[in-house]
1. Is it the case that some residue within the stretch 25-40 is surrounded by fewer than 18 Cβ atoms within 10 Å (Cβ to Cβ), closer than 13 Å to Arg4 by Cα and over 11 Å from the mean Cα position of the chain (by Cα)?
2. I'm trying to understand the selection: among the residues of the stretch 59-80, which are more than 10 Å from the chain's Cα centre (by Cα), touching a residue at least 12 places away in the same chain (Cβ under 8 Å), more than 18 Å from Cys5 (Cβ to Cβ) and loosely packed, with under 10 Cβ neighbours inside 10 Å?
3. I'd like the full set of residues that are surrounded by fewer than 18 Cβ atoms within 10 Å (Cβ to Cβ), among the small types (Gly, Ala, Ser) and in contact (Cβ under 8 Å) with a residue 12 or more places away in the chain, limited to the stretch 13-24.
4. Please state which of the following conditions Ser27 fails to meet, knowing it meets all the rest: (1) free of Cβ contacts under 8 Å to residues at least 40 places away in the same chain; (2) over 19 Å from Thr70 (Cβ atoms); (3) not hydrophobic (A, V, I, L, M, F, W, C).
5. Find the residue count for the stretch 41-58, including only residues that are surrounded by fewer than 11 Cβ atoms within 10 Å (Cβ to Cβ) and either touching a Gly at 6+ places or on another chain (Cβ under 6 Å) or among the hydrophobic types (A, V, I, L, M, F, W, C) (or both).
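Throughout, read-outs are computed from the coordinates displayed, never taken from laboratory work. Because the structure is predicted, anything quoted here is derived from the model rather than measured. Counting neighbours? That spans all protein chains shown, and the Cβs are built from the backbone with ideal geometry, glycine included.
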Amino acid sequence: MAARCMTNNATVCGTTSEAQSYAANRSGAGFASTVFTATSSATCGTVTGNQVSASYKMNLLIPFGKYSVTLTAQACYPTNST
């Protein structure tokens, strides 16, 4: 959703930091904006677009062990239709 916002709504997501804040607010999980990385002029398949990715280390509460996993996600939205 934030990648699309970067493409279609420069008022709300005109900078990469605004897009990161937008992504954090829309996540609904209370993530900090630093969890997200926004990139303009990224490669979306065969076209240029805006990309927002996230990486979050989640600690698992398992008795007798300390484990964690890193959750990742990304979205890319084209800036043109060619």
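1. Yes, the stretch 25-40 contains at least one residue that is surrounded by fewer than 18 Cβ atoms within 10 Å (Cβ to Cβ), closer than 13 Å to Arg4 by Cα and over 11 Å from the mean Cα position of the chain (by Cα).
2. In the first step, residues of the stretch 59-80 are kept if they are more than 10 Å from the chain's Cα centre (by Cα); the result is 59-71, 77-80.
Next, only the ones that are touching a residue at least 12 places away in the same chain (Cβ under 8 Å) stay: 69-71, 77-80.
Next, only the ones that are more than 18 Å from Cys5 (Cβ to Cβ) stay: 69-71.
Of everything in the stretch 59-80, just one residue is more than 10 Å from the chain's Cα centre (by Cα), touching a residue at least 12 places away in the same chain (Cβ under 8 Å), more than 18 Å from Cys5 (Cβ to Cβ) and loosely packed, with under 10 Cβ neighbours inside 10 Å, namely Thr70.
3. As a first pass, look at the stretch 13-24 and keep what is surrounded by fewer than 18 Cβ atoms within 10 Å (Cβ to Cβ): 14-17.
Cutting the leftovers down to among the small types (Gly, Ala, Ser) gives us 14, 17.
Result: Ser17, single match.
4. Ser27 satisfies every listed condition except (2).
5. Within the stretch 41-58, the first condition is being surrounded by fewer than 11 Cβ atoms within 10 Å (Cβ to Cβ), and the residues that meet it are 41, 45-46, 57-58.
After this cut, where a residue has to be either touching a Gly at 6+ places or on another chain (Cβ under 6 Å) or among the hydrophobic types (A, V, I, L, M, F, W, C) (or both) as well, the list is 58.
Summing the residues that are surrounded by fewer than 11 Cβ atoms within 10 Å (Cβ to Cβ) and either touching a Gly at 6+ places or on another chain (Cβ under 6 Å) or among the hydrophobic types (A, V, I, L, M, F, W, C) (or both) in the stretch 41-58 gives 1.
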